[in-house]
1. Considering only residues that are part of a loop (DSSP other than H, G, I, E, B) and either at pLDDT 95 or above or crowded, with 18+ Cβ neighbours inside 10 Å (or both), which ones fall in the stretch 79-104?
2. For residue 186, are the conditions met, namely being among the small types (Gly, Ala, Ser), in a helix (DSSP H, G or I) and crowded, with 20+ Cβ neighbours inside 10 Å?
3. Does residue 367 satisfy the criteria of being closer than 16 Å to residue 255 by Cβ and at pLDDT 95 or above?
4. When you scan the stretch 145-204, how many residues do you find that are more than 28 Å from residue 264 (Cα to Cα) and touching a Gly at 6+ places or on another chain (Cβ under 8 Å)?
5. Which of the residues that make up the stretch 125-144 are within 13 Å of residue 172 (Cβ to Cβ), assigned to a helix (DSSP H, G or I) and not charged (D, E, K, R)?
6. Residue 2: of a type in the set (A, V, I, L, M, F, W, C), over 29 Å from the mean Cα position of the chain (by Cα), surrounded by 13 or more Cβ atoms within 10 Å (Cβ to Cβ) and outside the structural domain of residue 86 (by TED's automatic domain parsing), yes or no?
7. Going by the structure shown, is residue 159 within 16 Å of residue 226 (Cα to Cα) and either in contact (Cβ under 8 Å) with a residue 40 or more places away in the chain or crowded, with 22+ Cβ neighbours inside 10 Å (or both)?
8. Only one of (1) part of a loop (DSSP other than H, G, I, E, B); (2) more than 33 Å from the chain's Cα centre (by Cα) is not met by residue 52, so which one is it?
Amino acid sequence: MVEIAPPGDVAGILDVLNMHGYEAYAVGGCIRDAVMGREPKDWDIATDARPEEVGRLFEKTVDTGIRHGTVTVVIGNRNYEVTTFRIDGRYTDSRHPEKVEFTSRIGDDLRRRDFTVNAMAWNPQKGIIDPFGGMRDISGRIIRTVGKPSDRFGEDALRMLRAIRFAATLGFEIEADTLEGIRQSSSLIRRISAERIREELTGILVSDDPMRFMLLMDTGLLRHIMPELDSRLGPNSDRTGHDSLSETGKHILRSVAAAEADVCLRWAMLLHDAGRCTDAENFEGLSDAHGSKDHKDYEECGRSGGPGAADALKTADTILGRLKFDNRNRSRILRIIRYLGMETEPERSAVARAVLEVGRDMFGDLLKAKRAHIAASMHRCGSIVSSVIPGVSRRPDRMKSIKGGQYRDTDDLNTTTGRHYEDDGRNIAEDLYQLEKIETVFRSLLEGGYCLSLKELKINGDDLKRLGFREGAEMGRMLDHLLDRVIDEPELNRKEALEKLALEYLHKKRISSQQTGET
């Protein structure tokens, strides 16, 4: 028998409702997680008490979803949703029921839920209520809809993405009829808001198994959300007639999996190679609203980020705009993509200039992205991805040849040197070694307190104005010049030394002006 031990607040809410003659249960994902030995993030409660009755029983409540029977009970600084048992009416927007009907039976309430593993309830008196085989499917590690998949996905199309997220986060398989139901209903995802879609996709990407992202392509969901990426990941048809990952697709998802489970890093690795697709020109799905970049920015990206970077940046910007990413995360993702192919020598001044261009706040993430890219390439060439975790690598002259690699198309581009990886894997080994030297130099710059931005210069615009510089372009050029000198000669980053350099510049400028006037 499975023991469920809810937090004290939850047990207290159940007790209060029970003492006043109502049935009450902890329901949904919290029971699934408790059964699996996972720590539930939230505890939801269902009861036959009506919303107004719940409001009378507890000292502090908020009517958060009163139309659908939900009242939030506030205890200390924690919120607990208490919802009346209900039967959902007709869904017309593939997301919300037009109306709900309250019921006195817990079984009716569980029947409306998405998946069997989420359609369980528990209280101390009756134990686990499991009318649809949730315990069986947890044991078999299966995601299965409650009832017909077409009904559940027709009611709420977001459930299709939730199925894939649960598969990725729980390590479950999606049951065959449920998976086929997603394929048949995939076009309904167009009715779901971009924000909701983005959050589910992010949950898949930052899970322990982001390779499950391929299910989005296999089920047809991806072509309705990101057609640019859909054509990049596939299509290769397998024996069942379903699309399977192309070699490029495998490399992209391996890059995602090799990256740290950070939202911006994993989205950057997903989109870093989505730029050579033109199949989405007539896309009529989610809104394509975007526009933080113009053509000059993309051209500049091509110069700083390597071959294909401009196209990748433009496509990524379109996708991020469509999915309504906030400006901060959007900017971070685009900066990683922009500079992923930037070449940097492992010398102090070269690394310092790279940090200046990329941004001190982003350079560490860029190095992590480069490492993930190399890790994915090593996998393809037959090496072991785990050999590229920080601190575990070997000098290229000591590495054995990696045989059998076939990494030769445009996606094989070495993002550190611009070379293509060869069959024996030696270029990959060299790049890993070079990357680790860059990481070492970067750490030494941070630990040594080196000046890596205008903010860290020991002189500012007010100082230059006092010396006689005019505000505007002249002052900006002078600050850039002084920073450039300091990067080459760190010992110059003293106010007296920088003022001397600035005054020398002014003196030379005056002499030049006088000579020009005389002629």
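The values are calculated or read from the model by the stated rules, or taken from the named source; none is laboratory data. Values in this document were obtained by computation on a predicted structure and should not be read as measured data. As a convention, Cβ positions derive from the backbone with ideal geometry for all residues, glycine included, and neighbour counts pool all protein chains shown.
1. 85, 94
2. Numbers: among the small types (Gly, Ala, Ser): yes; in a helix (DSSP H, G or I): yes; crowded, with 20+ Cβ neighbours inside 10 Å: yes.
Yes, satisfied.
3. Yes; evaluated as a whole, the condition is true for this residue.
4. Number of matching residues: 8.
5. Applying the first criterion (within 13 Å of residue 172 (Cβ to Cβ)) to the stretch 125-144 yields 134, 136-144.
Still in the list and also assigned to a helix (DSSP H, G or I): 134, 136-140.
134, 138, 139, 140, listed by residue number.
6. On the way: of a type in the set (A, V, I, L, M, F, W, C): yes; over 29 Å from the mean Cα position of the chain (by Cα): yes; surrounded by 13 or more Cβ atoms within 10 Å (Cβ to Cβ): yes; outside the structural domain of residue 86 (by TED's automatic domain parsing): yes.
Against the criterion (of a type in the set (A, V, I, L, M, F, W, C), over 29 Å from the mean Cα position of the chain (by Cα), surrounded by 13 or more Cβ atoms within 10 Å (Cβ to Cβ) and outside the structural domain of residue 86 (by TED's automatic domain parsing)), residue 2 qualifies.
7. Working: within 16 Å of residue 226 (Cα to Cα): no; either in contact (Cβ under 8 Å) with a residue 40 or more places away in the chain or crowded, with 22+ Cβ neighbours inside 10 Å (or both): yes.
It is false that residue 159 is within 16 Å of residue 226 (Cα to Cα) and either in contact (Cβ under 8 Å) with a residue 40 or more places away in the chain or crowded, with 22+ Cβ neighbours inside 10 Å (or both).
8. Residue 52 satisfies all of (1) part of a loop (DSSP other than H, G, I, E, B); (2) more than 33 Å from the chain's Cα centre (by Cα) except (1).
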